[in-house]
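Bear in mind these aren't lab numbers, they're just calculated from the coordinates by the rules spelled out. Model, not experiment: these values are computed from the prediction. As a convention, Cβ positions derive from the backbone with ideal geometry for all residues, glycine included, and neighbour counts pool all protein chains shown.
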Amino acid sequence: MSIEIEIVDKSAIKRKDVLEVLEKLDDHYTPPISSLVDLTTYAGKIVQNAEILFIKSGTKTVGMSAVYCNDYDNYTAFITTIGMIKEYQGQGLGKKLLEKSIELARSEGMREIKLEVHKDNISAINFYKRNYFIVKDEKLRLLSSKDRQRWLIMGKMI
């Protein structure tokens, strides 16, 4: 089966298409995205504001990246989500998806790319470090009076 990364035509993408992929990937994130945001609302925001890449095996979407390339004051892109379903991890496809995301941001005139990763998501942090991202900052996200989460802001010049 051939693996292909496609930049999604924004005029053809629908919120339900992005939502379907987010739902497939949700449990693969630390913490799951659905514990932080409403997935339907998030999918709508991605469709409206992000450049979207799907990675496909035949007709099956097995991964996705969504990149905001709209900060023309700082020329900084932001990867709001990137992920692969478990069966396709460990094959170098995540690296290819990340590289295509960076290439897309660069083509939009961006000079830096950033993302947030949960401090406990060691495998993702190591993946980004292997791809030359560095920790730029740390932030505390208060989800409730008892739930505080630490997130790393990672980035690199592109």
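I want to check the label-to-label distance for residue 99 and residue 20. Put each point 7 Å from Cα in the C-beta direction and report it in nm to one decimal.
According to this spin-label approximation, the distance is 2.8 nm.
Based on Cβ point charges of +1 for Lys and Arg and -1 for Asp and Glu, what charge dipole magnitude is obtained for the chain about its Cα centre, in debye rounded to the nearest 20?
340 debye
Would you mind checking which residues have amide H under 5 Å from residue 51's amide H? H placed 1.01 Å from N; only 5 or more apart, or other chain.
67, 68, 69
DSSP loop (so not H, G, I, E, B), at most 13 other Cβ within 10 Å: list which chymotrypsin sites (Phe, Trp or Tyr not before Pro) in the stretch 1-107 pass both filters.
On the way: sites: 29, 42, 54, 68, 72, 75, 78, 88; in loops: 29, 72, 75.
Here the sparse-neighbourhood loop sites are 72.
Normalized C-alpha radius of gyration of the stretch 3-157, against 2.2 N^0.38 Å?
1.00
Taking the simple approach of a point 7 Å from Cα along Cα-to-Cβ for both residue 87 and residue 158, what is their distance in nm?
If labels sit at residue 87 and residue 158, their model points lie 3.0 nm apart.
Counting only C-alpha contacts under 8 Å and six or more residues apart, can you give the relative contact order of the chain as a whole percent?
Working: 264 pairs, mean separation 29.2, N = 158.
19 percent.
Taking 22 Å as the cut-off for C-alpha to C-alpha distance, list the pairs among 96/129; 24/95; 56/136; 16/96; 14/45 that go past it. The partial results should precede the final answer.
On the way: 96/129 15 Å; 24/95 19 Å; 56/136 32 Å; 16/96 25 Å; 14/45 11 Å.
In this structure, 56/136; 16/96 lie more than 22 Å apart at Cα.
Report ³J(HN,Hα) in whole Hz for each residue of the stretch 15-27, in order, from the Karplus equation J = 6.51 cos²θ - 1.76 cosθ + 1.60 where θ = phi - 60°; Gly and Pro get x.
4, 5, 5, 5, 4, 4, 5, 4, 5, 5, 8, 3, 6
For the stretch 41-56, what does the Karplus curve 6.51 cos²θ - 1.76 cosθ + 1.60, with θ = phi - 60°, yield as ³J(HN,Hα) per residue in whole Hz, taken in order and with x for Gly and Pro?
Coupling constants for the stretch 41-56: 5, 4, 4, x, 5, 4, 4, 6, 10, 10, 8, 10, 10, 10, 10, 10 Hz.
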